[in-house]
Every structure is written in C-alpha cells, then in structure tokens.
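Presented below is the structure to which this report refers.
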Amino acid sequence: MSGGSYNYLCWASDLEEINNKRYALREMADRLAGLGYATDAAAETEELLVMLQQWEIRAEVRIKRLSDVWHAVEWWDSADSSEESVREALAKYREGS
C-alpha cells in the first residue's frame with residue numbers, strides 16, 4: 001500500500017486543510033527530526049505548527065472581541081433589533097480595545 005502514512009499531509013494545499021492535519025504535521029516534524037539529515041525541513045515544519053497555534057490564539061481573542069458587534073449587525077439586518085444596538089455593541093467593543 002502506498003501513501004497515507006501522514007493522513008496525506010502532502011496534499012494539504014490551503015490553511016484549512018493544513019490546520020485540520022496538525023497531528024500529522026507533528027508526526028512529520030518528529031519524523032524529519034529523527035532522520036538527522038533533514039533538520040532544516042523539520043525546523044520549518046515545527047515553525048509552521050507554532051504559527052498555526054499562534055494564529056489560533058490570536059483569532060480566538062479577536063472573535064471573542066467582535067462577536068457582540070457581529071451579533072448586533074446580524075440581528076439589525078434581520079430586522080430583529082435596531083441600529084442603536086449596533087452603536088451600543090460598537091461602544092463596548094471600542095471600550096475594550
């Protein structure tokens with residue numbers, strides 16, 4: 001049988017795909033490091049893992065900060081609330097910035 005040892009990591013072509021294959025990425029980093037002659041590729045793979053983790057943390061913080069604003073706009077555009085709720089949500093958002 002050929003391929004698939006790392007959940008077809010080699011075919012991950014965008015951020016969503018690579019983000020969904022973090023376990024395989026970790027396994028690949030370890031495998032490359034174990035080869036002894038692929039330390040540069042291992043280090044860059046490791047760096048990619050760190051970048052994904054950093055991005056996730058930063059994105060979660062921003063999502064939390066923006067969720068009330070998004071909620072207010074969505075409800076206003078659905079005719080479930082008023083523009084005033086958007087202004088109030090923006091004021092809270094800006095206070096926390």
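Pick out the one residue from Asp68, Asp14, Asp77, Asp40 that is touching a Lys or Arg at 6+ places or on another chain (Cβ under 9 Å) and charged (D, E, K, R).
Values: Asp14 fails: touching a Lys or Arg at 6+ places or on another chain (Cβ under 9 Å); Asp77 fails: touching a Lys or Arg at 6+ places or on another chain (Cβ under 9 Å); Asp40 fails: touching a Lys or Arg at 6+ places or on another chain (Cβ under 9 Å).
Selected residue: Asp68, the only one of Asp68, Asp14, Asp77, Asp40 that is touching a Lys or Arg at 6+ places or on another chain (Cβ under 9 Å) and charged (D, E, K, R).
What are the pairs, 6+ residues apart or on separate chains, where a residue within segment 29-58 that is closer than 17 Å to Cys10 by Cβ has its Cβ under 7 Å from a residue that is loosely packed, with under 12 Cβ neighbours inside 10 Å?
none
Residue-by-condition table, conditions (1) of a type in the set (Gly, Ala, Ser); (2) within 25 Å of the chain's Cα centre (by Cα); (3) more than 30 Å from Gly4 (Cα to Cα); (4) surrounded by 12 or more Cβ atoms within 10 Å (Cβ to Cβ):
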position: Asn19; (1), (2), (3), (4): no, yes, no, yes
position: Ala41; (1), (2), (3), (4): yes, yes, no, yes
position: Val73; (1), (2), (3), (4): no, yes, yes, yes
position: Ser81; (1), (2), (3), (4): yes, no, yes, yes
position: Val86; (1), (2), (3), (4): no, no, yes, yes
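Considering only residues of segment 49-71 that are open to solvent by less than 60 Å² (accessible area, probe 1.4 Å) and not β-branched (Val, Ile, Thr), which is farthest from Glu83 (Cα to Cα)?
Among those that are open to solvent by less than 60 Å² (accessible area, probe 1.4 Å) and not β-branched (Val, Ile, Thr), it is Leu49.
The values are calculated or read from the model by the stated rules, or taken from the named source; none is laboratory data. Worth saying up front: this structure is predicted, and the values here are computed from it rather than measured. Here the Cβ is made from the backbone with ideal geometry for all residues, glycine too, and neighbour counts use every protein chain on show. Ligands, DNA and RNA are stripped out before the accessible areas are found, and what is left, the full protein with its side chains, is counted by its heavy atoms. Shrake-Rupley method; radii C 1.70, N 1.55, O 1.52, S 1.80 Å.
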